[in-house]
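All remarks here apply to the structure that follows.
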Amino acid sequence: MGPDAGARVDAVVIGSGAGGGVAAWVLARAGRQVLVLERGRDLDFAQIGRDHLRNHRISRYAHRSGPDYEDGPRVVVEPTGHERLVRPHEPGFHGNATLVGGGTRLYGAQAWRFLPADFAMASTYGVPAASSLADWPIGYDDLEPFYERAEWEIGVCGDHTAAGRHWRRAKPYPMPPLPEGRQARALRRGADALGWDVVPVPLLINSVPYDGRAACTRCLHCVGFACPAEAKNGSHNTVLRRALATGRARLLPEAVAERVECDPDGRVTGVRWVDRSGARHTVETDVVICAAGAIETARLLQNSPTRREPDGLGNNHDQVGRHLQGHAYVWALGEMDEPVHDGLGPGVSIATLDFAHHNDGVVGGAMLADEFTVLPIAFWARNLPPGLPRWGAENKRYMRENYRRVMRVGGPVQEIPSPHARTRLDRDVRDRWGIPVARLSGTTHPETLRTSAHLTDRAREWLLASGARRAWTAETPLALHAGQHQSGTCRMGDDERTSVVDRWGRVHGHDNLYVMDASVHVTNGAVNPVLTIMALAYRAAERLCADW
Amino acid sequence: MRTPGPALRGVTPRQAATLSALVDTVVPADEYPSGTAAGVLDYLGGQFGRDLAGMRAYYAAGLDAVDAEAGQVHGTSFDLLEPARREELLRALEAGGTRTTWPFDAAVFVSTLVGHVMEGFYADPGNGGNRDAVSWRMIGFEVRD
């Protein structure tokens, strides 16, 4: 099936997640021979498991779903200058799931469109000193048709009417939202009391049978785990599957892209990759599409220096790897009089967008929503009130009486990017294949924390209005946020001195090198980013095919 | 209190007795089973051969130190103390209040131990603890499929 791994192909797609899956599908459908290189393994449901100590929600020990412990660490430079090696499952690694399908295999699948103001942060709020806040070169209207296509081709459930209060939408969602549970009903009452607007959370999950696959079984292991019913729509069971079904795409798991090869004129000619035995191969290609995530895509470009671009492809203006961002997550927990846990996943269900923008005195904001079903060990680790003993009879009693009563409201604060938050190649440390590892440094811009404080107060307010007898939270620390929402390292722009790719995802100065993942995000939105990654990949890949 | 499983053979009988008593101080019995009755020692035994293999010496030294502390404060071993005295002693250690010389920070040892015990009690039974998902039934986390 698909091109032979040793043959010349039309396009190499590096990464099989949200962006890579869409890119492979669009190109294969258009008749192109596509090779998808995925560094992770092709894992089944049982291999990923429901291990409460080894998953991408709470990773106490080495992941079962990649990146593997043996793959190699990253180097983190703390704000104090102290350097440390961080293993893939440890805090500070800023990893994403590394397997076929990437993060989409395990994600919570929130399917938000970016808000129109998300594309125009600098012109809406001004640019805070020392930040790299900027507008996107494109706007919501440019992406709207591709959001719609992602919603239909990959599959999103949601409430078209409610969403229509926040976005111009031409077409309804293909599926209705999941029914509201106790959590949502309590929060809806609270929002009504406060006069806030709420919307059901759109999800890349089948609320009814769709595309030949079953509806969500409402199990308790959604985010961080694979779906037992394949009702969660990721790359692996939608676009990537369709790409492979054309017979023109081939997927190689456990294939690590090491270097993008160029001719002396800077034209990309191929990709050197490493197989599971450590052997090197080079595949010749007309086009290379990087979709490995913001850290790995930047690392690949940086690890591909040429005489013309000694610091890596697209990096003559020292932009590749900068502006690394994700989301600063704010949260509040509330203890309710009555149980709100009703044993029905996925848990996240209702959101307000009233504080995503135009908050007095701060830049940007966040969507706020309730939380996915919390694993018991994660509840013990993170959801207990301050002052409660961490062990003993009182701790056990609190767990018993309140696991079903405590709920969390939180959301992804749009970060104010900093040019000093970045990923580079480490000079000394190499991974299991001998490739220099990522070296992460910097933090979000301090302005992000002012926005976070404002949103934290709103989360707490919502819980108290919804009947919480008490609520608690904590300050957001000044830190680097990348991880599952990592973005920004190859930002999109018209000026090659301040950006890496153009408005179509093409790397400045290269006719046939593209980035189709969240690396291109100029800012990362006040909502979860995955639907935007998919929509951007549709848009860029369609343009690439049209111009071919 | 249960006898430690075979996987804990690497520790001395004295250390095993101290560990059992510690586990049931962290998760005491009430209407629901204690930590050892729920299989936490089985979990720890498995982990000492796996993810926590590198921490066996640390644990052995910590268990000895807890026992020495009990001897200094009460003149007996930790496992022979009344439950209330065990809790009192562990709270003191957690707050850094040691009466003997420790090879490392006692508070860090307590928080490390507590974290591992809770993993054994609240994580999925597939990890060797949480026998018959007893802690999940206790709190109302009911997995249907």
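The values are calculated or read from the model by the stated rules, or taken from the named source; none is laboratory data. On a predicted model such as this, the values are computed, not experimentally measured, just so you know. In this analysis, Cβ positions are derived from the backbone assuming ideal geometry, glycine residues included, and neighbour counts consider all displayed protein chains.
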Leading residue by the ranking (farthest from the other protein chains (Cβ to nearest Cβ)) among those in the stretch B:99-110 that are surrounded by fewer than 17 Cβ atoms within 10 Å (Cβ to Cβ) and in a loop (DSSP other than H, G, I, E, B): B:Thr101
Does any residue in the stretch A:44-69 that is more than 9 Å from every other protein chain (Cβ to nearest Cβ) come within less than 8 Å, Cβ to Cβ, of a residue that is among the acidic types (Asp, Glu) and surrounded by fewer than 19 Cβ atoms within 10 Å (Cβ to Cβ) six or more places away or on a different chain, and which pairs are these? A:Ser59/A:Glu90
Quick one: in the stretch A:328-344, which of the residues that are assigned to a loop (DSSP other than H, G, I, E, B) and surrounded by 22 or more Cβ atoms within 10 Å (Cβ to Cβ) is farthest from the chain's Cα centre (by Cα)? A:Val340
For the stretch A:408-435, name all the residues that are closer than 24 Å to A:Gln110 by Cα and out of contact with any strand residue (DSSP E or B) (no Cβ under 6 Å at 6 or more places or on another chain). A:Gln414, A:Ile416
Matching option when the condition is surrounded by fewer than 20 Cβ atoms within 10 Å (Cβ to Cβ) and touching a residue at least 40 places away in the same chain (Cβ under 8 Å), among A:Gly212, A:Gly266, A:Gly224, A:Gly195: A:Gly266
Subset tally (residues that are touching an Asp or Glu at 6+ places or on another chain (Cβ under 9 Å) and more than 8 Å from chain B (Cβ to nearest Cβ)) for the stretch A:390-414: 8
Criterion (away from chain A (no Cβ under 12 Å) and either crowded, with 18+ Cβ neighbours inside 10 Å or among the aliphatic types (A, V, I, L, M) (or both)) met by exactly one of B:Leu81, B:Leu90, B:Leu113: B:Leu81
Any pair with Cβ under 6 angstrom, 6 or more apart, that starts in the stretch A:167-189 at a residue that is farther than 17 Å from A:Arg404 by Cβ and ends at one that is surrounded by fewer than 19 Cβ atoms within 10 Å (Cβ to Cβ) and of a type in the set (D, E, K, R): A:Pro177/A:Asp159
Extreme residue, surrounded by the fewest Cβ atoms within 10 Å (Cβ to Cβ), among residues of the stretch B:116-135 that are within 8 Å of chain A (Cβ to nearest Cβ) and without any contact (Cβ under 8 Å) to a residue 12 or more places away in the chain: B:Gly126
Looking at A:Ala351, is it touching a residue at least 24 places away in the same chain (Cβ under 8 Å), in a strand (DSSP E or B) and either in contact with a strand residue (DSSP E or B) (Cβ under 9 Å, 6 or more places away or on another chain) or surrounded by 24 or more Cβ atoms within 10 Å (Cβ to Cβ) (or both)? yes
Based on this model, can you work out whether A:Ala117 counts as surrounded by fewer than 24 Cβ atoms within 10 Å (Cβ to Cβ), in contact with a His (Cβ under 7 Å, 6 or more places away or on another chain) and outside any loop (DSSP other than H, G, I, E, B)? yes
What number of residues within the stretch A:52-78 are closer than 11 Å to A:Gly95 by Cβ and either in a loop (DSSP other than H, G, I, E, B) or basic (Lys, Arg) (or both)? 8
Taking first residues from the stretch A:501-520 that are surrounded by fewer than 24 Cβ atoms within 10 Å (Cβ to Cβ) and second residues anywhere that are in a helix (DSSP H, G or I) and not small (Gly, Ala, Ser), the pairs with Cβ under 7 Å that are 6 or more apart or on different chains are A:Trp504/A:Arg543
Only one residue in A:Pro386, A:Pro419 is farther than 30 Å from A:Arg259 by Cβ and away from chain B (no Cβ under 13 Å), so which one is that? A:Pro386
B:Asp30: at pLDDT 95 or above, among the acidic types (Asp, Glu) and buried (at least 17 other Cβ atoms within 10 Å of the Cβ), yes or no? no
Give me the pairs, please: first residue somewhere in the stretch A:325-346 and within 13 Å of chain B (Cβ to nearest Cβ), second residue anywhere and modelled with pLDDT under 95, beta-carbon distance under 6 Å, and either six or more positions apart or on two chains. A:Gly343/B:Glu142
Does at least one position in the stretch B:60-75 carry a residue that is part of a loop (DSSP other than H, G, I, E, B) and either more than 13 Å from chain A (Cβ to nearest Cβ) or at positive phi (or both)? yes
Residues being in contact (Cβ under 8 Å) with a residue 40 or more places away in the chain and either touching a helix residue (DSSP H, G or I) at 6+ places or on another chain (Cβ under 7 Å) or in a loop (DSSP other than H, G, I, E, B) (or both) - total across the stretch A:292-311: 11
Looking only at the stretch B:27-58, which residues are in contact with an Asp or Glu (Cβ under 6 Å, 6 or more places away or on another chain), facing chain A (nearest Cβ under 10 Å) and free of Cβ contacts under 8 Å to residues at least 60 places away in the same chain? B:Ser34
Being assigned to a loop (DSSP other than H, G, I, E, B), at pLDDT 95 or above and more than 14 Å from every other protein chain (Cβ to nearest Cβ) narrows it down to one residue among A:Ser131, A:Ser123; which is it? A:Ser131
Name the single residue, out of those in the stretch A:5-43 being within 21 Å of the chain's Cα centre (by Cα) and part of a loop (DSSP other than H, G, I, E, B), that is nearest to the other protein chains (Cβ to nearest Cβ). A:Leu43
So is A:His481 buried (at least 19 other Cβ atoms within 10 Å of the Cβ) and closer than 17 Å to A:Arg113 by Cα or not? no
